[in-house]
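Some notes on the structure that comes next.
The values are calculated or read from the model by the stated rules, or taken from the named source; none is laboratory data. Note that the coordinates shown come from a computational prediction; the quantities given were computed from them, not determined experimentally. Methodologically, a virtual Cβ is constructed for each residue, glycine included, from the backbone with ideal geometry; neighbour enumeration extends over all protein chains shown.
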Amino acid sequence: MNSGKRLCSGGKMTKKNKAALIAASFVLIGFSVFFFLKLQGIWDFSGRFGIREIASSRDVGMEQALIDGDELTSWGSYNYWEKPQKEDYLLFSFRKERRLRQIEIDGITPSLLVFFGKSDGKWSRIPFSQPRRGCYVFERDVRVTDLKIAASSDARELKWDVKEITFYGDAREMEK
Amino acid sequence: MVTQERWKNKYDRRLFLFLASAAAVMLIYEIFGVEHFIGYYDGELYYSYLIEYLLKGNWTYFEKYPIGTALAELPFFLAAHALTLIVDPAAADGYSALYDGAVGISGIFYYVLGTVFLYRALKLLFGEKIALGINVLVFLGTALPLYATKYASFSHIKTYALSAAFLYLTLLIGRGREGFRTHFLLGLLLGWIVIIRNINVFFVLFYLCYGITDPKYRREHFRRVFSARRLLPNILGGLTMVLPQMILWKIATGHFICYSYEGESFSYLTHPKIFEVLFSDAKGLLIFMPILLFCFLGLFCLRQADGGRGTAGIVLIVLLELYTTAAWWCWWLGGVYGMRSFIDIFPFLAVSGGAFWLWLRERLKELRNSDGGWYAVCLVFFVSAAAACCFLNVAFLKGMQEGTVSETFATWWQLQQALRQVFLF
């Protein structure tokens, strides 16, 4: 059935095969140690994207930003605000100016959102194309030091139950 | 007669029982655990071709994805459409319950189809026992069942089935199966794989490189591969799939060939995100499906399979998959659980997994003859490692289903929590 070479040495293990078996075992042991340490957060690169601070109009459910890779970050989990108000917002402050292309929000947000970016100390509203499935693509790449996501004053539904926010930057720009 | 003989083989019977159980489990999960199938990110766009072309007659419709996935869903769509027209004609909009269910069923169908071909291919290479064992491990140790159910609308489970068939057919050709139909089918399969995901054209390397490491076989192989007797049906088969795509592109864009991923590129060609693709806690292939580590180890044991004839092709395919994924601007491939592009090459990874299994079995036999104590230690160690990998996979999948583990980007603390929940509950 099997047409392959068995590489069997008549019942006795050669030195080469013994070394290979030991090497395979060490790879598995090494990977297990790596896996265990990883689940302890040893390689947590949360700061690499450059989020300095996350603030909001409420303090419920705030969690740290996360990063894995260097061109995106996701934030938080299950930020549910019991009594939503029109003034509610989320504010992300970066360590230095960042270039952003789009934002994807997983969860429930007010029916109309507005985005404001801070650059050179000045706030300005960021226009975006029609959102689709929580994905807001900015009309052009924006450079910001702070980004605010707020409920529009025209929004009827104000409920916030954000599971995750993902920032998409320009990959080449992020490498610089 | 042949069927009766096949049925007498106990491993074939076990495969049938395994597939029947797996399909039943997946069906139960689809009924009780999945809200909808159409509407998951890319999956909705693949499916949209069926609505636009067949229900709206809009042949100028254009999406960045090619039409291969929609083609794979077509029979299920047509069955759902016919049933809906009988039961409730007003709901024949392409999105009602029967259409949605049909997409879910298609995922299970392609899983079963792919697994049958993969079993046959692995049986040729390693015998029935390992062939069955690998398929069971792939089911328990990877997210493949998730891609056959919740993400059935995606392209990956279809490519899994087609690449398993492509692998099997190449092995048969390597064993002397010739004829117009065989080579036409090979071209057709590759053409279909290409119009599902254009980048997967490199799967052809398995066929082209099959045997190049064997000097005796090499010359004969290349002479045959490039003979008119094979090339003609190969090209005809390939064009049967690719030509409709080119015509549709021409209608929609004015060009027979177009780069549909406008604005997206391989931004990391010079510094690919290989570490992130393999080990990030957001998406890492070996973090979410650690059992694949055995397959990567198996790349060094491929001489065990078919005298090493498939080594070059499989190694190249795995490396190219890794590189193209890691070089793409969106290396994490969006908001779906795990590193999904690798599902496409699972049949090739399964061969290297089988090679590792065979190699390990030989080493353990040798060890048993020389040192019974170490034999027992090694046996327990490797079996425990495989079992632990399956356990991790199930724990993370459970965590994802319950919302503990994020589908888009998981974190180390979410993975840790998923494990804790399994231990505690």
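Checking the structure you have, find out if any residue of region B:414-425 is at the interface with chain A (Cβ under 8 Å from one of its Cβ atoms), under 25 Å from the mean Cα position of the chain (by Cα) and assigned to a helix (DSSP H, G or I). Checked region B:414-425: at least one residue is at the interface with chain A (Cβ under 8 Å from one of its Cβ atoms), under 25 Å from the mean Cα position of the chain (by Cα) and assigned to a helix (DSSP H, G or I). Residues in region B:387-400 that are surrounded by fewer than 17 Cβ atoms within 10 Å (Cβ to Cβ) and within 11 Å of chain A (Cβ to nearest Cβ): B:Ala388 alone.
In region A:148-170, is there at least one residue being at pLDDT below 85, within 14 Å of chain B (Cβ to nearest Cβ), farther than 21 Å from A:Pro110 by Cα and not in a strand (DSSP E or B)? Within region A:148-170, one or more residues are at pLDDT below 85, within 14 Å of chain B (Cβ to nearest Cβ), farther than 21 Å from A:Pro110 by Cα and not in a strand (DSSP E or B).
For every residue, the table says whether it meets (1) surrounded by fewer than 22 Cβ atoms within 10 Å (Cβ to Cβ); (2) at the interface with another protein chain (Cβ under 10 Å from one of its Cβ atoms).
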position	(1), (2)
B:Trp328	no, yes
B:Gly338	no, no
B:Leu364	yes, yes
B:Ala385	yes, yes
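Those helices (runs of 4 or more DSSP H) of region B:250-329 in which at least 3 residues are of a type in the set (Val, Ile, Thr) and closer than 18 Å to B:Arg197 by Cβ, considering only elements entirely within it, cover B:311-327. Of note, B:Gly191 satisfies the criterion of being crowded, with 23+ Cβ neighbours inside 10 Å and within 30 Å of B:Met339 (Cα to Cα).
Got at least one residue in region B:118-130 being among the aromatic types (Phe, Trp, Tyr), within 14 Å of another protein chain (Cβ to nearest Cβ), within 30 Å of B:Leu236 (Cβ to Cβ) and part of a helix (DSSP H, G or I)? Within region B:118-130, one or more residues are among the aromatic types (Phe, Trp, Tyr), within 14 Å of another protein chain (Cβ to nearest Cβ), within 30 Å of B:Leu236 (Cβ to Cβ) and part of a helix (DSSP H, G or I). Condition first: out of contact with any Ser or Thr (no Cβ under 9 Å at 6 or more places or on another chain) and surrounded by fewer than 23 Cβ atoms within 10 Å (Cβ to Cβ). Now tell me which residues in region B:150-169 satisfy that. Passing the criteria: only B:Tyr168. Among what's in region B:25-37 and is over 20 Å from the mean Cα position of the chain (by Cα) and aliphatic (A, V, I, L, M), pick the residue that is surrounded by the most Cβ atoms within 10 Å (Cβ to Cβ). Across region B:25-37, the extreme among qualifying residues is B:Val34. Only one entry in B:Ile251, B:Ile247, B:Ile257 is over 24 Å from the mean Cα position of the chain (by Cα), touching a residue at least 12 places away in the same chain (Cβ under 8 Å) and surrounded by fewer than 15 Cβ atoms within 10 Å (Cβ to Cβ), namely B:Ile251.
Looking only at residues of region B:80-117 that are charged (D, E, K, R) and not in a helix (DSSP H, G or I), we find that the one that is farthest from the chain's Cα centre (by Cα) is B:Asp88.
Filtered by the rule that a residue be in a helix (DSSP H, G or I) and either in contact with a strand residue (DSSP E or B) (Cβ under 8 Å, 6 or more places away or on another chain) or crowded, with 17+ Cβ neighbours inside 10 Å (or both), region B:54-79 gives B:Gly68, B:Thr69, B:Ala70, B:Leu71, B:Ala72, B:Glu73, B:Phe76, B:Phe77. Annotation: B:Tyr11 fulfils all but one of (1) buried (at least 19 other Cβ atoms within 10 Å of the Cβ); (2) within 19 Å of B:Val112 (Cβ to Cβ); (3) of a type outside the set (A, V, I, L, M); the unmet one is (1). Within region B:401-413, if we keep just the residues that are touching a residue at least 24 places away in the same chain (Cβ under 8 Å) and not in a loop (DSSP other than H, G, I, E, B), the residue that is nearest to the other protein chains (Cβ to nearest Cβ) turns out to be B:Trp412. When region B:264-279 is limited to residues that are within 23 Å of the chain's Cα centre (by Cα) and without any contact (Cβ under 8 Å) to a residue 24 or more places away in the chain, the one that is farthest from B:Ser384 (Cα to Cα) turns out to be B:Phe275.
The set of residues from region B:307-326 being surrounded by fewer than 24 Cβ atoms within 10 Å (Cβ to Cβ) and either more than 10 Å from every other protein chain (Cβ to nearest Cβ) or touching a Phe, Trp or Tyr at 6+ places or on another chain (Cβ under 9 Å) (or both) comprises B:Gly307, B:Ala312, B:Val315, B:Leu316, B:Val318, B:Leu319, B:Leu320, B:Glu321, B:Leu322, B:Tyr323, B:Thr324, B:Ala326.
Checking every residue in region B:304-315 against the condition of being among the acidic types (Asp, Glu) and more than 23 Å from the chain's Cα centre (by Cα) gives zero matches.
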